[in-house]
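**Q** First, the structure itself, so that you have it in front of you.
The values are calculated or read from the model by the stated rules, or taken from the named source; none is laboratory data. Note that the coordinates shown come from a computational prediction; the quantities given were computed from them, not determined experimentally. Note that we place each Cβ from the backbone using ideal geometry, even for glycine, and neighbour counts take in every protein chain shown.
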Amino acid sequence: MRLPDGFKEKYQKLLGEEAQPFLASFDQAVEKGFRVNPLKGAAKLHDHSIDQPISYSDWGYYGKVNGKTIDHQSGLVYSQEPSAMLVGEIAHPQPGQKVLDLCAAPGGKTTYLASFMAQEGLLVTNEINRGRAKVLTENVERFGIQNAVILNESPDRLVKKFNGYFDLIVVDAPCSGEGMFRKDPEAVEYWSLEYPEECARRQREILKSAMQLLAPNGNLVYSTCTFAPEEDEQIIAWLLENYPDLKMEPVARTENMDAGRPEWANGNPELAKAIRLFPHHFKGEGHFIAKLSNHAEAATPQPKGKRKKKGRASDISLDREQQRLWQDFANQFLVNPQSFAKDHLIVHNQRLYYQTVPVDLSGLRIVKPGLELGEFKKRRFEPSLGLLMALRKADIQQVVEITPEQWQKYVHGEEIATEAAGKGWVALAVDDIIVGPGKLVQGKVKNFYPKGLRINFALK
Ligand SMILES: C[S@@+](CC[C@H](N)C(=O)[O-])C[C@H]1O[C@@H](n2cnc3c(N)ncnc32)[C@H](O)[C@@H]1O
């Protein structure tokens, strides 16, 4: 790979003798990996083998994901390079916590965090870029996450609503991406000697907001996919200097993970508790990860300005017609029609959502205020793919089994012929895997797989 001269000189100075194997690693193949999804229960994979486990992740394997497969489209696997998995592993939230993934798209860390949270507590997953927030949404829904709220906000605007609120915040920061040069050679084009400092300015701004969002006793995980000390150790040194209540948390390191380099910042020995992943040592792309804990006794004071309003202005309660439509659907479709508690249901833009933790989102740019159960259309309720992805076979009254060949037709948008008796809403399944919604009408399943997600297999 052709690397900029300035880049090579910089790392020659920083790494000395190690610069040679470090620079040579840019010509080696990218490490690929994927995770299986514990939220889908014990469903067996159809299209991927799990014979190369990643030692530090309960769900990680080396190997490549094929996007046009049942496993991928139904959220049984998530493609993630091995180093990035370590961020979720180090963050390690507990079920029931309030967690924020501040820079979340396309959703690698979010889906990892959700795996630990087991549908309990609140996972606010935020992406500032609208187009990327859409991809994040698809991944969250496919993964079957029930406890996520998806926002499209800038970090500073979140502070108004969530001051001192989160037990855990992950800042997987936008960065100069040096660790991704192998995976995304175009990233090299953006690089200049000044670029890391430019990124560092933005990272400090994001972290100022993150610190206001963090609860007393909360944890902050900061990560980048760059080697640049300006964006790694120097950012953590800046945090420790400016927020004296923050302490570095020690993180278990296997032999191939490197420690942070205090000498690349202000010499604070605590910085060695961070982790560096170098591709010439570790089987993955370049990464930096630090975990910090907040020892403040009270939340960081809110900046002056508007005070948080009381109440839940964003959640619009269901009118009587909507309540009836939902209840009729739930009675017909769900084994336990009360499984989504009434006082956790809200309507937003004619769609029905379930919030595990009722939360005030008024004034924020909302993508999904909770798990989307479905949409109210003229005098009817249509279940969404998100609901189906978040359920298991045992939760659903009517399941129509289809073959992998029929699945190809289904995700292509075709009707499926069936001998199944009954009528009304059904879940389609391939073995144990729920693949989406349909409507049974006289020996046919009408297709309700979202148009935007359809796949044309002829174009393989
Ligand atoms: C490294 S990526 C996140 C990857 C993601 N966490 C994952 O694991 O799939 C950084 C994200 O930060 C977003 N971003 C860019 N500028 C930002 C800003 N000023 N504040 C917050 N997020 C920003 C980018 O749009 C990008 O999606």
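**Q** Looking for whichever is hydrophobic (A, V, I, L, M, F, W, C) and in contact with a Gly (Cβ under 7 Å, 6 or more places away or on another chain) here; the options are Leu453, Leu364, Leu388. Which one fits?
**A** Result: Leu388 is the single residue among Leu453, Leu364, Leu388 that is hydrophobic (A, V, I, L, M, F, W, C) and in contact with a Gly (Cβ under 7 Å, 6 or more places away or on another chain).
**Q** Return the total of residues in region 403-412 being in contact with a strand residue (DSSP E or B) (Cβ under 8 Å, 6 or more places away or on another chain) and loosely packed, with under 15 Cβ neighbours inside 10 Å.
**A** 2
**Q** So which residues in region 137-155 are within 9 Å of the ligand (Cβ to nearest atom) and within 21 Å of Leu220 (Cα to Cα)?
**A** Glu153, Ser154, Pro155
**Q** State which residue is surrounded by the fewest Cβ atoms within 10 Å (Cβ to Cβ) when the search covers only region 159-194 and only residues that are hydroxyl-bearing (Ser, Thr, Tyr) and within 14 Å of the ligand (Cβ to nearest atom).
**A** The qualifying residue surrounded by the fewest Cβ atoms within 10 Å (Cβ to Cβ) is Tyr190.
**Q** Further, regarding this structure: Give the number of residues within region 125-182 that are assigned to a strand (DSSP E or B) and of a type outside the set (Val, Ile, Thr).
**A** The qualifying residues number 7.
**Q** If you don't mind, another one. Here are some residues: Val445, Val426, Val400. Which one is assigned to a strand (DSSP E or B), β-branched (Val, Ile, Thr) and surrounded by fewer than 20 Cβ atoms within 10 Å (Cβ to Cβ)?
**A** Val400
Conditions (1) loosely packed, with under 15 Cβ neighbours inside 10 Å; (2) more than 30 Å from Gly88 (Cβ to Cβ); (3) modelled with pLDDT under 90, marked per residue:
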position: Glu255; (1), (2), (3): yes, no, yes
position: Arg261; (1), (2), (3): no, no, no
position: Leu271; (1), (2), (3): no, no, no
position: His287; (1), (2), (3): no, no, no
position: Ala290; (1), (2), (3): no, no, no
position: Glu297; (1), (2), (3): yes, no, yes
position: Gly311; (1), (2), (3): yes, yes, yes
position: Asp319; (1), (2), (3): yes, yes, no
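**Q** Could you please let me know if Ala420 is part of a loop (DSSP other than H, G, I, E, B) and either without any contact (Cβ under 8 Å) to a residue 60 or more places away in the chain or hydroxyl-bearing (Ser, Thr, Tyr) (or both)?
**A** When the stated conditions are applied, Ala420 passes them.
**Q** Report yes if Glu233 is farther than 23 Å from Arg182 by Cα, assigned by the TED database to the domain that holds Glu205 and at pLDDT 95 or above, otherwise no.
**A** no
**Q** Any residue at all in region 124-133 that is over 12 Å from the mean Cα position of the chain (by Cα), surrounded by 15 or more Cβ atoms within 10 Å (Cβ to Cβ) and within 13 Å of the ligand (Cβ to nearest atom)?
**A** Yes, region 124-133 contains a residue that is over 12 Å from the mean Cα position of the chain (by Cα), surrounded by 15 or more Cβ atoms within 10 Å (Cβ to Cβ) and within 13 Å of the ligand (Cβ to nearest atom).
**Q** Is there any pair linking a residue in region 76-95 that is touching a residue at least 24 places away in the same chain (Cβ under 8 Å) to one that is among the acidic types (Asp, Glu) and not in a loop (DSSP other than H, G, I, E, B), with Cβ under 7 Å and at least six apart or on different chains, and which?
**A** The qualifying pairs are Val77/Asp71; Val87/Asp172.
**Q** Taking the criterion of being over 23 Å from Thr226 (Cβ atoms), assigned by the TED database to the domain that holds Ile50, touching a residue at least 12 places away in the same chain (Cβ under 8 Å) and near the ligand (Cβ under 10 Å from one of its atoms), would at least one residue in region 100-109 satisfy it?
**A** No, because not a single residue in region 100-109 is over 23 Å from Thr226 (Cβ atoms), assigned by the TED database to the domain that holds Ile50, touching a residue at least 12 places away in the same chain (Cβ under 8 Å) and near the ligand (Cβ under 10 Å from one of its atoms).
**Q** Let me ask another. Can you tell me which residue within region 218-253, out of those that are assigned to a helix (DSSP H, G or I) and among the charged types (D, E, K, R), is nearest to the ligand (Cβ to nearest atom)?
**A** Among residues in region 218-253 that are assigned to a helix (DSSP H, G or I) and among the charged types (D, E, K, R), the one nearest to the ligand (Cβ to nearest atom) is Glu231.
**Q** Shifting gears a bit: On the given criteria, is His348 over 19 Å from Gly436 (Cα atoms) and over 19 Å from the mean Cα position of the chain (by Cα)?
**A** Judged against the criteria, His348 is a match.
**Q** Applying the selection to region 90-99, what residues are farther than 11 Å from Asn147 by Cα and more than 12 Å from the ligand (Cβ to nearest atom)?
**A** Ile90, His92, Pro93, Gln94
**Q** Under 9 Å by Cβ, and 6 or more places apart or on different chains, what pairs join a residue from region 329-341 that is in contact (Cβ under 8 Å) with a residue 24 or more places away in the chain with one that is loosely packed, with under 11 Cβ neighbours inside 10 Å and part of a helix (DSSP H, G or I)?
**A** Val335/Ala394
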